[in-house]
Amino acid sequence: SQYHATAVTAGYQRIVPPDVERQLDLLFQAIDRDGNGAIDKTECIAAAGREGPVMFDIDTNQDSKVTVEEWMKFFNHQWMASPDSVMCILEVMKKRLSLRS
């Protein structure tokens, strides 16, 4: 699958359940307004308001954009620490962006 390849190249273990992975992917696509496969600061702020810049903690190579690999790697690591926090972020952002589950 696309995510198995992503996990291998980005060097992380896939532990997020498939349905949550799909929701994270849809959220990424919704934030990536120009569809270029990366989220920039403008898109983060448009999606998350004042908390937008916090998303840049996910930008591990500090190139001023968050790729889907960085996104999935972050949420897989976060899932290990606290699945509830991932679900909370998903719920808040889905409401903010008016996304359906």
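The values are calculated or read from the model by the stated rules, or taken from the named source; none is laboratory data. A quick note: this is a predicted structure, and the numbers were derived from the prediction, not measured. All Cβ positions, even for glycine, are placed from backbone atoms using ideal geometry, and neighbour counts span all protein chains on display. Please note that ligands, DNA and RNA were not included when accessible areas were found on the heavy atoms of the full protein model with its side chains. Shrake-Rupley method; radii C 1.70, N 1.55, O 1.52, S 1.80 Å.
Annotations
- Evaluating kT/(6 pi eta Rh) at 20 °C and 1.002 mPa s, with the Kirkwood radius of the chain over Cα pairs in the Stokes-Einstein relation, gives 158 µm² s⁻¹.
- Label-point separation, ARG22 to LYS41 (7 Å along Cα→Cβ), nm: 3.6 nm
- Accessible area in square angstrom per residue, the chain, 1.4 angstrom probe: 59 Å²
- For the range 52-101, the gyration tensor built on C-alpha atoms gives an oblate shape. Its axis ratio a/c (a ≥ b ≥ c) is at least 1.5, and a/b is not larger than b/c.
- The label point for SER98 and the one for ASN61, both projected 7 Å from the Cα toward the Cβ, are 3.5 nm apart.
- Using the rule -39500 (n - 2.57) for each DSSP H run of four or more residues, divided by the residues of the chain, the 222 nm mean residue ellipticity is -18500 deg cm²/dmol.
- Column: log10 I(q)/I(0), Debye, Cα scatterers of the range 8-51, q = 0.13, 0.17, 0.27 Å⁻¹: -0.36, -0.59, -0.96
- Measuring nothing but protein heavy atoms, the accessible surface of the chain at 1.4 Å probe radius is 54 percent carbon and sulfur.
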